[in-house]
Each structure stands twice: as C-alpha cells, then as structure tokens.
1. Any residue at all in the stretch 44-61 that is surrounded by 15 or more Cβ atoms within 10 Å (Cβ to Cβ), more than 19 Å from the chain's Cα centre (by Cα) and farther than 21 Å from Thr183 by Cβ?
2. Here's a check for you: in the stretch 128-168, which residue that is modelled with pLDDT of 95 or more, within 17 Å of the chain's Cα centre (by Cα) and of a type in the set (Ser, Thr, Tyr) is surrounded by the most Cβ atoms within 10 Å (Cβ to Cβ)?
3. For residues that are open to solvent by 40 Å² or more (accessible area, probe 1.4 Å), in contact (Cβ under 8 Å) with a residue 60 or more places away in the chain and outside any loop (DSSP other than H, G, I, E, B), tally how many sit in the stretch 18-31.
4. List, please: which pairs have Cβ atoms under 6 Å, are six or more places apart or on different chains, and start with a residue in the stretch 33-44 that is small (Gly, Ala, Ser) and end with one that is open to solvent by 60 Å² or more (accessible area, probe 1.4 Å)?
5. In this structure, does Ala141 turn out to be over 22 Å from Ile82 (Cα atoms) and touching a strand residue (DSSP E or B) at 6+ places or on another chain (Cβ under 6 Å)?
6. Which numbered condition in (1) in contact (Cβ under 8 Å) with a residue 40 or more places away in the chain; (2) buried (at least 16 other Cβ atoms within 10 Å of the Cβ); (3) part of a helix (DSSP H, G or I); (4) under 21 Å from the mean Cα position of the chain (by Cα) is the only one that Tyr86 fails?
7. Is there any pair with a first residue in the stretch 62-73 that is in a helix (DSSP H, G or I) and a second that is open to solvent by 20 Å² or more (accessible area, probe 1.4 Å) and hydroxyl-bearing (Ser, Thr, Tyr) whose Cβ atoms are under 9 Å apart and which are 6 or more apart or on different chains, and what are they?
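The values are calculated or read from the model by the stated rules, or taken from the named source; none is laboratory data. This one's a predicted model, so the numbers in the text were calculated from it and none came from an experiment. With ideal geometry, Cβ positions are generated from the backbone for all residues, glycine too; neighbour counts draw on all protein chains shown. What goes into the accessible areas is simple: the full protein's heavy atoms, side chains included, and nothing from ligands, DNA or RNA. Shrake-Rupley method; radii C 1.70, N 1.55, O 1.52, S 1.80 Å.
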Amino acid sequence: MYILGSPIELVILDVDGVILDILAGLRRNLEETASYFKLALEPIVKNLREIMEGKARIRGNARDSAHEIWPHLTEIEITEFISYFYNVERRYPYPLIDGALDALMLFREHGMPLALATNNPMESLRWRLEAVGIDPSWFAAIVTRDDKYFKPHPKTFDRIFEQVDIAREHTLYVGDLQIDWDTARGASVLFCAVLTGGVPRDAFLAEGVPHTHIFNRLADIIEHIEMQCDAPLCK
C-alpha cells in the first residue's frame, strides 16, 4: 500500500483528536472537574483558545495540561484532579470523529496492520474505545502512558516495532498535535497531521510539517492511498 507515494506496511494512530472527537466534550469535562475543586474556569477557556489560535502547544497528557492551566496546583492536587477528571470523561465519553471508523475498517479490510500510540493510560484507553465500539484487539500493538517511553520521547514506538516486524521507513504515524510530529521525527517514521484535535494548519506548517501531509481528518488520508502507484484505492 502506498500513502502519499511512500510504501507503507504499518499505520500507527493517535487516539484523541484522530479517532475520538475530544473537542466535542473536553471543555465541558474540564469545567465540571474544575468546578468540583473550586478552580477558576477562565484559564480553561484561555488555554483552549490559545491552542486553537496556534499560540500554545498542547502538552499531550492530563497532568502537564492541568499544571499549565493552573500552575499553582501541587502534585497531590493535580493527581486528585486527574482522577476525578477521568471519572467525568467516563461518564461523558468522546464520540467518534466523522469517518474515523470507516477509515479503520478500510485499513483492516486491506490487511494493513494498525497500532495505537496515546498518552492516555491503558485503563482510560480501554473504556474510551469501548464507548465507541472499537475493539482493542484490532490493533497489533498499543503504547500508552503506562509504558516506559511515551510521547514525545523518540523511543515511544520501540515497543510497537518489537511486536510488529515492520521497518520504520515503511511506517506512517497519524497525529493531531505538535508532540506527535516530534515523536514521528524522533522515531524516523512518516507523519501525517489531522486538524481534528484543534491545532490549526499554520501551527503545523510552522513546525515544519509539509502542507501535503496535513489533512482535515483521518478519513481524508484515504484519498491519498494507492494499492499500486497507478491504482488509487479509492477508485
């Protein structure tokens, strides 16, 4: 299978912002959690606005994000915040991004091995996927926050390649954040960005992501898949 003209034998996906529409409920879930702990809500609005304007980088994990939004919180307070936040997310799970499930099924139908790389802990990932009818067994390997290395560490994908015997140069990683781009570069794999996580196109361009590798959503990448160089999959 060729993607953007490169032979690809493994697709690694981020979850939030690529498969799941985190923007559909993130602010609501953060605000409910903040209200429980009597924290100011305005910093949430400010942080999300700056991210969508390309003025701030998303940290990529709940602990660092909470510290950035409320820098006065202690480590113990952040731990309590995250625990409550995950419970709120479980009550109000994020829906699928339009076309994401179809894209997953298409990859699977054509025998393309899939893997996940997320900074969610495994427990959180399992109920996130369960809420939208995705079976973790669809993926040949999964890397989470619980592993020794996680995004943006350059060794994040090492455990995936230990389980899936495919060369890095034949691997594509699809992410929605700047740290996903950092991870892909560090791991020497092809990268495609999607805009469904809130980071604007200009922010990816400023980071050096080629404009041809930036898509509105995961499903749009399908149009650039070919089984042979002269035979587009979508035809």
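1. Yes - at least one qualifying residue is present in the stretch 44-61.
2. Checked the stretch 128-168; the qualifying residue surrounded by the most Cβ atoms within 10 Å (Cβ to Cβ) is Thr156.
3. Adding up the residues that qualify gives 3.
4. Qualifying pairs under 6 Å: Ala34/Leu41.
5. yes
6. (1) is the only condition that Tyr86 fails.
7. Ala62/Tyr86; Arg63/Thr79
Here's the yes/no breakdown for (1) open to solvent by less than 70 Å² (accessible area, probe 1.4 Å); (2) in a loop (DSSP other than H, G, I, E, B); (3) at pLDDT 85 or above:
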residue	(1), (2), (3)
Gly197	yes, yes, yes
Ala206	no, no, yes
Val209	yes, yes, yes
Ile221	yes, no, yes
Met227	no, no, no
Lys235	no, yes, no
